[in-house]
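Structure record follows, encoded as structure tokens.
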Amino acid sequence: THCISSAASDVYKRQALLVVAGLIGASGVALAAAGAHTAAANLATAATFLLIHAVAVTAIALHGGGALFSLAATLLACGACMFAGDLAVRAWGATRLFPMAAPTGGLGMIAGWLCLSVAALAGALTRP
């Protein structure tokens, strides 16, 4: 079997997070544009959340720093997509993405920000 080194694995994780951040950012811009042509406030909120979290995921991916940082970025990305996805689906007339999607996405984002704080604190405490 072929084993991927830890350094190579970290590079792949960073690249994957940057791809996700790009997709989230593009989705945010598209929702903002769609929201500019409708009266749906949910689209503007969804766009704002996606754009903010795309920048955060990009910054974390470029920083690197290990498993806790990767987990933080993943929680932020998944939470933002779930939250914004639910708002967008509601704005376009469907009932919801799935029951409790927006609150679950919100909790994911909160967990991601807290995980980022823990990762930074853990890094600060382990430095000489």
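Worth a mention:
- In percent, rounded to a whole number, the relative contact order of the chain is 23, using alpha-carbon pairs under 8 Å and six or more apart.
- Relative packing of peptides 95-102, 26-33, 74-81 - highest average C-beta neighbours within 10 Å first: 74-81, 26-33, 95-102
- Between helix 67-91 and the chain: long-axis angle, C-alpha atoms, 0 to 90°, nearest 10: 10
- Amide H contacts under 5 Å for M100, placed H, 5+ residues apart: none
- Among G108, G85, G64, residue whose mean-square fluctuation peaks in a GNM of the chain (springs only between Cα atoms under 10 Å): G64
- Relative contact order, percent, the stretch 63-128 [alpha-carbon distance under 8 Å, six or more residues apart]: 43
- Sulfur and carbon atoms: percent of accessible area, the chain [1.4 Å]: 73
- The mean accessible area for residues of the chain, using a 1.4 Å probe and ignoring ligands and nucleic acids, is 57 Å² per residue.
- Taking θ as phi - 60° and the Karplus parameters 6.51, -1.76 and 1.60, the scalar couplings of the stretch 115-121 work out to 4, 4, 5, 5, 4, 5, 5 Hz in sequence order, x denoting glycine and proline.
- Helical mean residue ellipticity (222 nm; -39500 (n - 2.57) per DSSP H run of 4+; nearest 500) of the chain: -29000 deg cm²/dmol
- Multiplying each eigenvalue of the alpha-carbon gyration tensor of the stretch 1-107 by 5 and taking the square root yields semi-axes of 30, 14, 11 Å, largest first, rounded to whole angstroms.
- HN-Hα J in Hz across the stretch 49-55 - Karplus 6.51, -1.76, 1.60, θ = phi - 60°, x for Gly and Pro: 4, 5, 5, 4, 6, 5, 5
The values are calculated or read from the model by the stated rules, or taken from the named source; none is laboratory data. What you are looking at is a predicted structure, and each value in this text was computed from that prediction instead of being measured. Reconstructed Cβ throughout: ideal geometry from the backbone, glycine too, with neighbour counts over all protein chains shown. Accessible surface areas use protein heavy atoms only, side chains included; no ligands, DNA or RNA. Shrake-Rupley method; radii C 1.70, N 1.55, O 1.52, S 1.80 Å.
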